[in-house]
Amino acid sequence: VQGPVTVTVTGAAGQIGYALLFRIASGHLLGPDVPVKLRLLEITPALKAAEGTAMELADCAFPLLQSVDISDDPRVAFDGANVALLVGARPRTKGMERGDLLEANGGIFKPQGEAINAVAADDVKVLVVGNPANTNALIAQAHAPDVPAERFTAMTRLDHNRAISQLASKLEVPVTAIKKLTIWGNHSATQYPDLFHTEVNGKIAAEQVDEAWLKDTFIPTVAKRGAAIIEARGASSAASAANAAIDHVFTWVNGTAEGDWTSAAIPSDGSYGVPEGLISSFPVTAKDGKFSIVQGLEIDAFSRERIDASVAELGEERDAVRGLGLI
Ligand code: NAX
């Protein structure tokens, strides 16, 4: 039997936190045989709410859950973390410019990066969920020079899962018939869900749908799904986001299936013309606890244009946080 894994969750009292913690504690993050120690980070005013969630966690009597600790100090919360889920972030509020948003998040992700560098376990794996996720991951990474850069990732798995679901519904196939879907670029409206390498029962997806649906329905539906959820539910996606975070880490630790890949935002090594160092979504496989970018895919002009546009946005965000002295 494996020893316990310490999982730190930030923004633990938020709505994603509420959907996430119970699944971590029930064994869905790492596997049904892996005991878990939870460490929750919240801002001081939300500590009481986090205590309430911890009471409910206790009331589940989860066999795998060994402990729950709560703190408002990153140096305490990331102590010994093997997995760090950075969910808490500063949302964009009315009238806020992008620069203000990036600066406010710099104030969160810089100290968290420093704390991870100082006190997390040597094998720490970091997933940033809080938006703007890719650039927040870049900020945290910049302040954790002793942690290998590739351990900082950002979440595009929700976009990936949304795209699979939309395609499955269009072609009236089960989601399990779909393999090798890719989300490229930024977790934002510029993201590019690519069907040109996706296989549906072994055949290329883009050849099974008409071009107008792909361009005018599929791509915008996936990219704007978050807004559609807010419109319908009156609150942003939480359970599906938590589910995607679980999927991202489970895949990272346990690997992708033979003959398939997934999407994750990981530091670019320059593949597919994405500038080195940008944390961009790619087609990735996972093996032995490491993500690798799938190599050798042919990118046609249609895809190239969309990948370039999303990557250009990531470059602008990087330049902006650099200009603010955050990286
Ligand atoms: P909530 O506002 O419900 O919860 C956020 C929590 O973070 C709050 O409890 C807040 O007190 C806490 N927090 C704020 N600053 C903190 C800090 N410095 N340290 C620790 N905790 C802190 O938001 P929720 O709906 O849970 O969403 C969380 C984040 O996920 C948002 O940034 C949201 O934009 C982002 N999302 C990212 C997605 C993705 O696919 N990458 C999809 C879902 C979601 O929109």
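Results, tabulated for the structure shown:
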item	result
Relative contact order of region 50-128, pairs being alpha-carbon contacts under 8 Å that are 6 or more residues apart, as %	43 percent
Gaussian network model of the chain, springs between alpha carbon atoms under 10 Å - residue of S280, S26, S271 with greatest fluctuation	S271
R98 accessible area, 1.4 Å probe, all protein chains in place, Å² to nearest 10	90 Å²
Per residue convex hull volume, Cα atoms of region 114-232, in Å³	128 Å³
Check: region 32-86 dipole with +1 on Lys, Arg Cβ and -1 on Asp, Glu Cβ, in debye	100 debye
Signed unit charges on C-beta, dipole axis of the chain, positive-most listed residue A49, F282, V294	A49
Calculated [θ] (222 nm, deg cm²/dmol) that DSSP helices of n ≥ 4 give over the chain, each run adding -39,500 (n - 2.57)	-12500 deg cm²/dmol
Prolate/oblate/rounded call for region 223-327, Cα gyration tensor, a/c under 1.5 rounded	rounded
Length-normalised contact order of region 154-242 in % [C-alpha pairs under 8 Å, at least 6 apart]	24 percent
Mean-position separation - Cα centroids, region 298-323 and region 74-139, in angstrom	22 Å
Cα radius of gyration and Dmax for region 79-182 (Å)	16.7, 50
Cross-link pairs K215/K290; K179/K287; K48/K125; K125/K287; K37/K179 - those with Cα-Cα distance over 23 Å	K215/K290; K48/K125; K37/K179
The chain: C-alpha pair distances exceeding 28 Å, %	38 percent
Full-extension gain in nm, T217 to D100, via 0.36 nm per residue minus C-alpha separation	38.9 nm
Relative packing of peptides 134-143, 4-13, 48-57 - highest average C-beta neighbours within 10 Å first	134-143, 4-13, 48-57
Interchain or long-range residues, amide H under 5 Å from H197's placed H	none
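The values are calculated or read from the model by the stated rules, or taken from the named source; none is laboratory data. Model, not experiment: these values are computed from the prediction. Note that we place each Cβ from the backbone using ideal geometry, even for glycine, and neighbour counts take in every protein chain shown. Please note that ligands, DNA and RNA were not included when accessible areas were found on the heavy atoms of the full protein model with its side chains. Shrake-Rupley method; radii C 1.70, N 1.55, O 1.52, S 1.80 Å.
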